[in-house]
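The values are calculated or read from the model by the stated rules, or taken from the named source; none is laboratory data. All figures in this text were calculated on a predicted structure; none of them were measured in a lab. Cβ sites come from the backbone with ideal geometry, for glycine too, and all protein chains shown count toward neighbours.
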Amino acid sequence: MAVHSEIKYSSVEDLFLDPMNPRLGRGNTGVTVRQAKIIDLMKDWTLDELAVSFIENGFWPQEALIVVREKLYGKSSLVVVEGNRRLAALKLLKDATNGSIKDRKWLEIADGLKPSAGLFNRIPYIEVDARSDVDAFLGFRHVTGIKEWKPAEKAEYIAKLIEDGSTYREVMRKIGSKTPTVRQNYISYRLLLQMEEVDELSTEEVEERFSVLFLSLRTEGVQKYLQIDIQAEPGQARHPVPRSNLKQLANFALWLFGTSTKPPIVRDSRQVNQFGQILLSKKAIEYLERTPRPSFEAAYQLAGGDEPEIVRMIEAAADNIEAALSRAHRYAKSKKLRVAAKRLGEDALQLLTIIPGLKAEVLDEDES
C-alpha cells in the first residue's frame, strides 16, 4: 500500500467523482450512485468560482487530484478521493462549452471560451493504492484542517475510520484531533443513526444541526436522561442509547429537532446547556413529556434554571440601593424620591413575605 509520487495526467472523461464522498450526505452515497446525480448534488458547492480560476490560470500540477483505482459501475476506474470539487467544476465547464447543459450561469462562464491546450485532457493526479493510504491526509485536511467539512460529515468520516478497525487514539493521531473529541464525534454519529428510527423526525434536519446534537452530549442531563456512556469504547458505543431508553430517545429527538408539524423547543445552540439542566429535573421532564407543545422557558423555570438570574437581579438592585443611600439624604424632601422609595418599599416588603421567615429575620436584626 502506498501513495505514488509521480504526477500522472488523464482526461476529464476518464476520471470519476467519488460516490462515497461524505460531503454528499449519508442518504446520497453508495457505489451505485451515478455520476450525473453526484454532479447535481454538487452544483451548490461554488463550482463556478473554480471554473473561472481554471479558465484564467489552468490546472496547476501542485493541485493534483488524489485518485484510487477501484471497480466502479462494473469496471476498473480512476476514482477521485480528494479534489472532487475541482473535477466537478471541469466536467460542468466542459459540458457548457459543448452546449450539453443549458444552465445560464455556466453558459455565461463558457461563453467565448477557448480552452487552453490540455485543460480537459491533461488533468494532473497522483494515484494511491487504497483509500486507507490517504485517511490521515483527508482527516487532517477536512476534519481539523483548513478545508473543513460540515460537522455531520466530519463525524461520519471519523465513524468510518473507527468501524474500519481504528481505535479512538489511532484516529486522533491520523487527523490531529483530541481523543475525547474523536470519541464524542463517534458516539454522536451512532446516536444519529439510532434517531433514524424515530417517527416523523427529519434526519436531514439533524445533520444540518449536528453541532447541537454534539454539544448536547457534553451535558450531564442528556447523558443521564438517555443513559449514554460518553466514555464508551467503540464496541459499546455502536448503540449509545440502551433499548430500555428508546422512548426517551424519541422525546429527546423531538425536543431538540422537532418534526414537520412540531417545532423544537431548543431553538438555538446557546440553549443547549440549559436544556441539559432541564433534563436533570424530574418536574421539568414530566412537564415536557405530558405537554403536547411545551415551552422551553416553562421547563427551564420548573428546573430552577432562572434562580441564578433572579439572584443576580436582586443583588444588582441591592447594590444600586446601597449606592443611592449614600446621597439620598440630600433629597429627603423630594416628591420624586418619595414616590420611588414608596415603590421600592412595597416591592421589598412583598419579597420579604415570599421567602419564609425572612421578614421576621430582618425585623429582628433592625430591632437589635
Checklist outcome for this item: How many residues of region 321-354 are surrounded by 10 or more Cβ atoms within 10 Å (Cβ to Cβ) and not in a helix (DSSP H, G or I)? The answer is 1
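For region 286-320, how many residues meet the condition of being in a helix (DSSP H, G or I) and touching a helix residue (DSSP H, G or I) at 6+ places or on another chain (Cβ under 7 Å)?
Step one: filter region 286-320 for residues in a helix (DSSP H, G or I), giving 286-290, 296-302, 307-320.
Retained after the next criterion (residues that are touching a helix residue (DSSP H, G or I) at 6+ places or on another chain (Cβ under 7 Å)): 287-289, 296, 298-300, 302.
Within region 286-320, residues that are in a helix (DSSP H, G or I) and touching a helix residue (DSSP H, G or I) at 6+ places or on another chain (Cβ under 7 Å) number 8.
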Item to check | Selection within region 22-58 - surrounded by fewer than 16 Cβ atoms within 10 Å (Cβ to Cβ) and over 26 Å from Thr97 (Cβ atoms) | outcome: Gly27, Asn28, Gly30, Val31, Thr32
Checklist outcome for this item: Residue pairs within 8 Å by beta carbon, gap of at least six or interchain, first lying in region 144-172 and part of a helix (DSSP H, G or I), second aromatic (Phe, Trp, Tyr) and at pLDDT below 90, listed first then second, are Tyr157/Trp149
Checklist entry - Pick from region 185-209 the residues that are more than 12 Å from Ala159 (Cβ to Cβ) and part of a helix (DSSP H, G or I): which of them is modelled with the highest pLDDT? => result Gln194
Item to check | Residue within region 59-77 that is under 30 Å from the mean Cα position of the chain (by Cα), without any contact (Cβ under 8 Å) to a residue 60 or more places away in the chain and surrounded by 11 or more Cβ atoms within 10 Å (Cβ to Cβ) present | outcome: no
Checklist entry - Hey, any hits in region 58-80 for a residue that's over 27 Å from Glu6 (Cβ atoms) and at pLDDT below 85? => result no
